[in-house]
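Single-structure report; data block below.
The values are calculated or read from the model by the stated rules, or taken from the named source; none is laboratory data. In this text the structure is predicted, and so the values were computed from the model without any measurement. Counting neighbours? That spans all protein chains shown, and the Cβs are built from the backbone with ideal geometry, glycine included.
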Amino acid sequence: MALTRDDVLTGALAILDEYGLGDLTMRRLAGSLGVQPGALYWHVANKQALLGAIADRILDGLDGGLPVGDWDTRITELAHRLRAALLAHRDGAEVVAAAYALQTGRGQTVRLMTEVLADAGLDETEAELAALTLLHYVFGHTADEQSHAQAAEHEPAGAPGALASGTARFGFGLSVFVDGLRARLV
């Protein structure tokens, strides 16, 4: 059976989930798929392209069935969905943030957020700036959560825990962001 792009992405996600981004190399991926590294380049141009494709896979379905209603409900739901998608894979926030920075993914997250915020009444420039701010909040918070979770894997049993769950901390920060936007719209 011939190697497919889907095989490459599935293999890359498996390595990412088990070992993390630092250990996701083209050589390791090729070995796990039982092919020579050169065979991967038929499906992805380089590691940056691979990360972009992985980011797209992580974000796949993010925009499906978004709730209707008030802008604040929609933007909050979108932010929570983005966080959940990033948390579903080890180092997911770092992968998607890198793909975004390198412009290698096809993610539509900023466009979706911008549309919701423009519907709220922000002009196009402010809506895009607010969407980018929210995107970076989600990336940063989620990357921090993932780092703490990985560090906790190496702590002895009974080590002190966090003050609040990651979800509670994320929700609080998100509510501060939404409240700030609401104040700008008045």
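Let's see how each residue does on (1) of a type in the set (Val, Ile, Thr); (2) surrounded by fewer than 20 Cβ atoms within 10 Å (Cβ to Cβ); (3) more than 18 Å from the chain's Cα centre (by Cα):
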site	(1), (2), (3)
LEU102	no, yes, no
LEU112	no, yes, no
LEU129	no, yes, yes
LEU134	no, no, no
Report summary line: Among ALA53, ALA84, ALA101, ALA49, the single one that is under 20 Å from LEU24 (Cα atoms), in a helix (DSSP H, G or I) and in the same structural domain as ASP119 (by TED's automatic domain parsing) is ALA101
Report task. Would you check if ARG169 is within 14 Å of HIS80 (Cα to Cα) and basic (Lys, Arg)? Result -> yes
**Report entry** the stretch 4-21 residues that are over 10 Å from ARG90 (Cα atoms) and not assigned by TED's automatic domain parsing to the domain that holds LEU86, paired with ones that are small (Gly, Ala, Ser) and surrounded by fewer than 18 Cβ atoms within 10 Å (Cβ to Cβ) (beta carbon under 6 Å, 6 or more apart)
**Finding:** GLY11/SER32
Query raised in the report: Condition test on ALA93, is it touching a residue at least 24 places away in the same chain (Cβ under 8 Å), under 24 Å from ASP144 (Cα atoms), in a helix (DSSP H, G or I) and not β-branched (Val, Ile, Thr)?
Result: yes
Requested in this report: Kindly indicate whether any position in the stretch 31-49 is surrounded by fewer than 20 Cβ atoms within 10 Å (Cβ to Cβ) and within 27 Å of LEU181 (Cα to Cα).
Outcome: no
